[in-house]
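Report on the following structure.
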Amino acid sequence: FFLAAEMQTGSFLDLGMFIQNLMLAAQEKGLATCPQAALAEYPEPVKKILGYPADTVLVCGMALGYEDKDAAVNQYRTAREQVNAFTRFFY
C-alpha cells in the first residue's frame, strides 16, 4: 500500500481504515490476511520491483490467501495486555 508523498498525517488513518475493510471483506470471502508493516523498511526495492515512483510512501504490504489452520505457525498465540493497561477512559 502506497500513499503519495504529499499526503498529510490524516491520510494514514484513511489508509488504515481502507486496509481494515479490505481485510474484513477478504475474511468474508474465506481468505486470510496479514498486514506486513515491516515491508515499509525496504521501500526502494519494492518500488523498483512494482514500478512505483520515488515520490510515493510505502506504508505496508499485505499477505492474502487461504489459511492453513493446522500449520504450527498458525497455532501460536501471544499474551495480550489488559485494555486498562494502555487505555484511558474519560467520562
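We did not get these values from a lab; they are worked out from the coordinates using the rules stated. Please read these numbers as outputs of a predicted model, since none were measured by experiment. No Cβ is skipped: glycine too gets one built from the backbone with ideal geometry, and neighbour counts run over all protein chains shown.
Report D for the chain in µm² per second (integer): Stokes-Einstein, Kirkwood Rh on Cα pairs, 37 °C, 0.692 mPa s.
Details: Rh = 15.9 Å.
The diffusion coefficient I find is 207 µm²/s.
Based on the Cα gyration tensor of the range 43-90, what are the three equivalent ellipsoid semi-axes, each the root of five times an eigenvalue, rounded to whole Å and given largest first?
Each semi-axis is the square root of five times an eigenvalue, giving 33, 24, 8 Å.
Would you mind checking which residues have amide H under 5 Å from residue 32's amide H? H placed 1.01 Å from N; only 5 or more apart, or other chain.
Here 65, 66, 67 satisfy the definition.
Give me the distance in nm between label points sitting 7 Å out from Cα along the Cα-to-Cβ direction at residue 72 and residue 38, one decimal.
It is 1.8 nm.
Determine which residues of the range 1-28 fall in the zone a paramagnetic label at residue 52 would reach in this model, i.e. backbone nitrogen under 17 Å from the point 7 Å along Cα→Cβ.
Inside the label zone: 1-20, 22-23.
If amide H atoms are built 1.01 Å from N in the plane of the peptide, which residues on other chains or at least 5 residues away come under 5 Å of the amide H of residue 62?
Amide H neighbours of residue 62, under 5 Å, 5+ apart: 36.
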